[in-house]
Each structure stands twice: as C-alpha cells, then as structure tokens.
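Just so it is clear, none of the values below were taken in a lab; they were calculated from the coordinates. Every value quoted in this text rests on a predicted model; they were computed, and no experiment measured them. Here the Cβ is made from the backbone with ideal geometry for all residues, glycine too, and neighbour counts use every protein chain on show.
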Amino acid sequence: MAKQIIKTEQAPKAIGPYSQAVKVDNLLFISGQIPVHPTTNSIPITIEEQTHQVMINIEAILLEAQLNWDNVIKSTIYLTDMNDFTKVNDIYASYFSSFYPARECVQVVALPKNVSVEISVIASEEK
C-alpha cells in the first residue's frame with residue numbers, strides 16, 4: 001500500500017494536524033474543505049459564495065493529484081443550517097457533468113472559522 005501526501009498552494013493550508021489530501025493506491029481522500037481563499041485567507045459571506053469557494057478548493061486538490069470531478073466517488077457535506085441545503089445542492093451539482101458520487105449531507109452545530117459549509121470527498125483514479 002503506497003501512501004502519498006497531496007498538497008497544493010491553490011487550496012488553503014491545513015489549520016490543524018492533517019493533510020489537504022492523502023492518496024492511497026488509486027484512492028484520494030480529500031480532507032474537509034472550508035471556504036477560505038488560499039491566498040487572501042478571506043471567507044465569503046453568502047452561502048452561495050462559500051459553497052463555490054469550497055468547490056474551487058476541492059478542485060485545486062483534485063487537479064494537483066491529476067484528477068477531476070469525474071473521479072469523485074463519495075462526498076460529505078456539512079452545513080450549519082439545513083435551510084441552505086437547496087442552494088448548496090444546486091451549486092454542488094453544477095460541478096459534476098453526469099456522474100454524481102454517493103453522498104450524505106448533515107447539519108452540524110458549528111464549523112471551523114464559523115463558516116456555513118464544509119465538504120470532504122473521496123476520489124478514485126478509476127472513472
């Protein structure tokens with residue numbers, strides 16, 4: 001089993017003792033991404049802007065691993081307000097062409113840096 005740490009400056013640095021992503025054999029495990037801009041460390045205000053920034057951060061990590069959205073097989077969405085589900089869901093769906101990964105979406109009490117959304121994904125080299 002080969003394990004490789006995936007890291008890019010195009011996504012926010014880890015804010016704790018974890019890696020942006022870890023590749024094990026043909027699977028890529030991307031840590032939960034929050035809507036922090038990687039160069040300015042700013043956080044958008046609206047849930048729509050936050051969701052787009054999270055997806056941009058995930059995409060940067062996928063690209064660093066030479067993968068794309070078609071490789072994503074599983075995701076988890078954490079929301080601080082389930083009333084944002086439809087908005088987040090619509091933006092999330094726009095990043096996929098036709099293959100949608102398995103997924104769950106849960107409401108949590110709070111997220112790091114008081115953001116409203118966090119998303120983690122698992123991707124496979126297999127399409």
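Taking θ as phi - 60° and the Karplus parameters 6.51, -1.76 and 1.60, the scalar couplings of segment 61-66 work out to 5, 4, 5, 4, 8, 6 Hz in sequence order, x denoting glycine and proline. Here the residues 94, 75, ranked from fewest to most Cβ neighbours within 10 Å of their Cβ, fall in the order 94, 75.
The distance separating the Cα centre of segment 16-45 from that of segment 63-127 comes to 12 Å.
Sort 95, 78, 100 by Cβ crowding within 10 Å, fewest neighbours at the top.
Ascending Cβ contact count within 10 Å gives the list 100, 95, 78.
Rank-order 80-91, 21-32 by packing density, defined as the average count of other C-beta atoms within 10 Å over each peptide's residues, highest first. Can you show the working numbers first?
Numbers: 80-91: 14.8, 21-32: 17.3.
So the peptides 80-91, 21-32, ranked by packing, come out 21-32, 80-91.
Rounded to the nearest Hz, the phi-derived 3J(HN,Hα) couplings of segment 119-125 under the Karplus curve 6.51 cos²θ - 1.76 cosθ + 1.60 (θ = phi - 60°) are 9, 10, 9, 10, 10, 10, 5, where x marks glycine and proline. Summing Lys and Arg as +1 and Asp and Glu as -1 over all other residues whose Cβ lies under 9 Å from the Cβ of residue 38 gives a net charge of 0.
Using the rule -39500 (n - 2.57) for each DSSP H run of four or more residues, divided by the residues of the chain, the 222 nm mean residue ellipticity is -7000 deg cm²/dmol. Using the Karplus relation 6.51 cos²θ - 1.76 cosθ + 1.60 with θ = phi - 60°, the per-residue 3J(HN,Hα) values for segment 96-102 come to 10, 7, 9, 8, 9, x, 5 Hz, with x marking Gly and Pro. Annotation: the antiparallel percentage among DSSP beta bridges lying fully within segment 1-113 is about 55. Calculated from the structure, Kirkwood radius over Cα pairs in Å equals which of (i) 15.3; (ii) 19.1; (iii) 14.6? It is the value labelled (iii).
Is the shape of segment 27-81 rounded, prolate or oblate, going by the alpha carbon gyration tensor and its root eigenvalues a ≥ b ≥ c, with a/c under 1.5 for rounded and a/b larger than b/c for prolate? Write down the numbers at each step before the final one.
Values: a/c = 2.36, a/b = 1.46, b/c = 1.61.
Here segment 27-81 falls in the oblate category.
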